[in-house]
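First comes the structure, then the notes that go with it.
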Amino acid sequence: MNTPIPPPSLTSWHPDAVQPADRPLIDASGRRVSYVRLSVTDRCDFRCHYCMAEKMTFLPRNEVLSLEECLRLVRLFVERGVDKVRITGGEPLVRKDILWLIERLGALPGLAHLVMTTNGSQLKRYAAPLRAAGVERLNISLDTLSPQTFGALTRIGELEKVLRGIDAAIEAGFVGTKLNTVMMRGINDHEFVDLVRFAIARELDISFIEEMPLGPILGRSQTFMPAQDALNQLGEHFDLRPTQESSGGPARYWRVPGSRTRIGFITPQSEHFCETCNRVRITARGELYPCLGHNDAVALLPLLRAHAEDGPVAAAIARSLALKPEGHRFNEQIDNPQVVRFMSMTGG
């Protein structure tokens with residue numbers, strides 16, 4: 001049984017926990033933050049059930065980070081030891097002039113890994129320019145190979161556009177592209193074997209992700225599927241070999257001999273990985289969330305716009321680590337989410 005973890009609080013900040021703004025980012029648990037997930041928009045051309053409501057109210061333009069502000073924030077994090085940045089949304093490729101930002105991030109000294117999570121719908125247009133601009137790797141959401149199920153899950157999405165986007169990523173020369181599949185019992189659990197075969201045939205990786213209790217969405221306990229169930233199912237069809245490989249994120253991987261495909265499992269509920277968490281998230285409105293599973297955040301956007309000098313923003317980033325808790329309690333919240341913001345608002 002997991003020991004309950006008290007939520008962090010701004011009132012719990014202590015001067016000893018506030019780091020100078022020019023040192024590497026290390027939280028109170030001794031974990032070094034080396035990975036930032038930056039949402040560049042809360043908008044998306046899909047409306048996936050587990051990510052957002054059917055009728056969303058999106059942020060007005062003046063409340064969203066400008067591309068210049070995104071670049072400034074990433075630079076400040078890289079100066080403090082962050083070497084991996086993932087661009088997310090919403091759907092990042094619906095952001096106007098997104099290539100302007102990607103090209104500048106790709107040339108940023110000290111940033112070793114620039115990656116992106118996308119639903120794939122825009123990749124036919126953007127795959128080649130993204131690779132040329134310096135994106136190292138893509139994660140592409142793909143929960144089903146059924147056009148009917150895809151339409152129901154995304155409400156307005158077209159599976160064929162995503163499949164063309166995957167082909168475009170392959171043609172552009174991306175290596176190590178990973179498919180992300182959210183596991184939903186009774187919805188797509190009968191397709192896991194086919195999804196793995198799809199990945200193997202295209203030399204793609206694939207990660208199966210436990211659904212997380214984010215946003216006021218009912219019925220998750222009925223569709224929640226632990227990763228072990230999926231692993232058992234796949235083990236009946238594939239010779240799965242555990243590996244210690246890591247992509248710098250939370251997935252734990254298995255290999256299929258004779259293929260280049262890694263099969264990963266991300267288990268925020270059944271077996272959380274908080275002890276090795278090395279990441280923070282920044283929303284499209286400039287809120288820094290040290291933990292996906294808590295509501296505490298630091299508002300960076302007002303500081304960015306109030307101060308031309310970097311000092312106050314860098315100091316706020318350093319202070320934010322006092323809010324990074326030892327862990328979350330997703331496993332206790334499946335039917336009673338404590339984080340009421342949708343995943344699309346935090347960044348995928």
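The values are calculated or read from the model by the stated rules, or taken from the named source; none is laboratory data. Bear in mind the structure is a predicted one, so any value in this text is a computation, not a measurement. When we count neighbours, we look across all protein chains shown, and the Cβ atoms used for this are built from the backbone with ideal geometry, even at glycine.
A few remarks follow.
- Pairing each residue of the range 234-254 that is polar (S, T, N, Q) with any residue that is buried (at least 19 other Cβ atoms within 10 Å of the Cβ), provided the two are 6+ apart or on different chains, yields C-beta distances under 6 Å for T243/Y253.
- Among the residues examined, P20 does not qualify as in contact with a His (Cβ under 8 Å, 6 or more places away or on another chain) and either in a loop (DSSP other than H, G, I, E, B) or at pLDDT 85 or above (or both).
- Breaking point among (1) in a helix (DSSP H, G or I); (2) over 21 Å from the mean Cα position of the chain (by Cα); (3) of a type in the set (D, E, K, R), for R185: (1)
- Only one entry of L231, L292, L240, L300 meets the criterion of being at pLDDT below 90 and among the hydrophobic types (A, V, I, L, M, F, W, C), and that entry is L292.
A quick yes/no check of all residues on (1) more than 25 Å from F224 (Cα to Cα); (2) assigned to a helix (DSSP H, G or I):
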site	(1), (2)
P250	no, no
P257	yes, no
H272	no, no
R285	yes, no
L304	yes, yes
A308	yes, no
I317	yes, yes
S320	yes, yes
E326	no, no
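- Taking the range 114-156 as the range and being of a type in the set (S, T, N, Q) and either surrounded by 22 or more Cβ atoms within 10 Å (Cβ to Cβ) or under 23 Å from F192 (Cβ atoms) (or both) as the test, the residues that pass are T117, T118, N119, S121, N139, S141, T144, S146, Q148, T149, T154.
- Residues in the range 233-243 that are of a type in the set (D, E, K, R) and in a loop (DSSP other than H, G, I, E, B) were compared, and the one that is surrounded by the most Cβ atoms within 10 Å (Cβ to Cβ) is D239.
- Selection of first residues in the range 93-117 that are assigned to a helix (DSSP H, G or I) and of second residues that are among the acidic types (D, E) and crowded, with 16+ Cβ neighbours inside 10 Å, restricted to Cβ pairs under 6 Å at least 6 apart or on distinct chains, gives the following pairs, ordered by first then second residue: V94/D45.
- In the range 253-271, the residue that is modelled with the lowest pLDDT out of those that are surrounded by fewer than 20 Cβ atoms within 10 Å (Cβ to Cβ) and out of contact with any Lys or Arg (no Cβ under 9 Å at 6 or more places or on another chain) is S270.
- Failed criterion for R185 (all others in (1) touching a residue at least 40 places away in the same chain (Cβ under 8 Å); (2) surrounded by fewer than 21 Cβ atoms within 10 Å (Cβ to Cβ); (3) basic (K, R); (4) within 25 Å of R86 (Cβ to Cβ) hold): (4)
- Just one of the numbered conditions (1) closer than 30 Å to F192 by Cβ; (2) modelled with pLDDT of 95 or more is not true of N278: (2).
- Selection within the range 30-53 - touching a Leu at 6+ places or on another chain (Cβ under 9 Å) and aromatic (F, W, Y): F46, Y50
- Some residue of the range 141-151 being in a loop (DSSP other than H, G, I, E, B), polar (S, T, N, Q) and at pLDDT 95 or above: yes
- Residue identified as within 17 Å of the chain's Cα centre (by Cα), aliphatic (A, V, I, L, M) and outside any loop (DSSP other than H, G, I, E, B) among V85, V78: V85
- Check on E160, farther than 19 Å from Y253 by Cβ, surrounded by fewer than 22 Cβ atoms within 10 Å (Cβ to Cβ) and without any contact (Cβ under 8 Å) to a residue 24 or more places away in the chain: yes
- Selection status of A308, without any contact (Cβ under 8 Å) to a residue 40 or more places away in the chain, surrounded by fewer than 22 Cβ atoms within 10 Å (Cβ to Cβ) and of a type in the set (G, A, S): yes
- For the range 50-96, filtering for residues that are surrounded by fewer than 15 Cβ atoms within 10 Å (Cβ to Cβ), closer than 18 Å to R285 by Cβ and of a type in the set (D, E, K, R) leaves 4.
Quick grid of which residues meet (1) hydroxyl-bearing (S, T, Y); (2) under 24 Å from Y289 (Cα atoms):
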| site | (1), (2) |
| --- | --- |
| K84 | no, yes |
| T88 | yes, yes |
| P92 | no, yes |
| M116 | no, yes |
| A128 | no, no |
| A132 | no, no |
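- Verdict on V313 being modelled with pLDDT of 85 or more, β-branched (V, I, T), under 30 Å from M225 (Cβ atoms) and crowded, with 20+ Cβ neighbours inside 10 Å: no
Table: residues versus (1) polar (S, T, N, Q); (2) closer than 30 Å to A132 by Cα; (3) not in a loop (DSSP other than H, G, I, E, B).
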{"residue": "G165", "(1), (2), (3)": "no, yes, yes"}
{"residue": "A169", "(1), (2), (3)": "no, yes, yes"}
{"residue": "V175", "(1), (2), (3)": "no, yes, no"}
{"residue": "L179", "(1), (2), (3)": "no, yes, yes"}
{"residue": "E191", "(1), (2), (3)": "no, no, yes"}
{"residue": "F208", "(1), (2), (3)": "no, yes, yes"}
{"residue": "Q228", "(1), (2), (3)": "yes, no, yes"}
{"residue": "L231", "(1), (2), (3)": "no, no, yes"}
{"residue": "E245", "(1), (2), (3)": "no, yes, no"}
